[in-house]
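Have a look at the structure below, then the notes.
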Amino acid sequence: MSELYRDVGVVLRTYKLREADRIVVLHTEANGKVRAVAKGVRKTKSKFGARLEPMSHVRVLLYRGRELDIVSQAESVEPLTPMLSSLDRATLGMAAVEAVDQLSIEGEPDPRLYKMLVGVLRSIAEQPSALTIPAFYWKLLAAAGLSPVLDACVHCGESGTEVSLVAFDTNEGGTVCRACRSGVGISQGAITVMEEILGGRLREALSREESPLTHEVAALATRSLEHHVERRLRAVAMFEVHGT
Ligand SMILES: [Zn+2]
């Protein structure tokens, strides 16, 4: 007998399997990343309708399989329509699910990641901002225990008003002073915006109009998240080699 289980999750991506079927990759609240087969989903009269598209927030009933689970039922938790109402929203939504896809791991429940993803998708649906995705990336890093140092030099530890922090070092995860300079240049404005995002003033950050400053923060966020994902993938690969 296969085991049935219920969960709620967000579809991260889907890919074709045979003629009419699709593999659906979800980040679920209780089971972490789940890969499941949705049978007949590519037929026009599929019982799943459009509920299993990327970014969909769904309640699912699944059969646990040996390699792949099987979707038995899927119902929408909230409509996806706002996400698809504009290309901008859809692009931001895809950036959010792609980031979570890179961090989510099978067999590793991460309910906080699920909550963060649902939260960012809702905020994109309601009121997208130039900093929605960069702020999400910084919050993901903070949730992983990797909040960047923004008030001191990560090399020499100098802090206070005397020291001017002129660069950001992704490897070290923080700002760097003029004497130790490494990484990429950072403006005082970008440091301020990052402090808003990570210091409980997210609303202020999100109210900022798109500008060279928001682009600077976005580029740093992307670079830092990529760095974290690469390191994490290497760690997972190491664990898989040594763990078996
Ligand atoms: Zn220094």
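Read the figures in this text as sums done on the coordinates, not as results from a lab. What you are looking at is a predicted structure, and each value in this text was computed from that prediction instead of being measured. Here the Cβ is made from the backbone with ideal geometry for all residues, glycine too, and neighbour counts use every protein chain on show.
What the table shows:
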| read-out | value |
| --- | --- |
| Principal-axis tilt of helix 111-126 within the chain, Cα atoms, nearest 10 degrees | 80 degrees |
| Globularity index of the chain, i.e. its alpha-carbon radius of gyration over 2.2 N^0.38 Å | 1.15 |
| Relative contact order (percent, whole number), the chain, Cα cutoff 8 Å, 6+ residue spacing | 14 percent |
| 5 angstrom amide H check on V149, placed H, neighbours 5+ away | G174, T175 |
| The chain - mean residue ellipticity at 222 nm from DSSP helices (-39,500 (n - 2.57) per run, n ≥ 4, rounded to 500) | -12500 deg cm²/dmol |
| Hydrodynamic radius of the stretch 26-120 per Kirkwood, over alpha carbon pairs, in Å | 14.1 Å |
| Positive minus negative residues near L103 (Lys, Arg vs Asp, Glu; Cβ under 13 Å) | -2 |
| Under the Karplus curve 6.51 cos²θ - 1.76 cosθ + 1.60, θ = phi - 60°, whole-Hz ³J(HN,Hα) for the stretch 78-87, x wherever Gly or Pro sits | 8, x, 8, 3, x, 5, 9, 6, 8, 5 |
| Share, in percent, of DSSP beta bridges within the chain that are antiparallel, nearest 5 | 90 percent |
| Shape of the stretch 129-244, Cα gyration tensor, a/c cut at 1.5 | oblate |
| Set of the stretch 1-25 residues, backbone N closer than 18 Å to the point 7 Å along the Cα-Cβ line of L61 | 1-9 |
| Values of log10 I(q)/I(0), in the order q = 0.09, 0.13, 0.22 Å⁻¹, for the stretch 54-172 under a Debye, Cα-only, solvent-free model | -0.38, -0.68, -1.26 |
| Extension reserve of the E106-E209 stretch, reckoned as 0.36 nm per residue once the Cα distance is removed | 33.3 nm |
| Whole-number percent relative contact order across the stretch 129-244, with pairs defined as alpha carbons under 8 Å at least 6 apart | 29 percent |
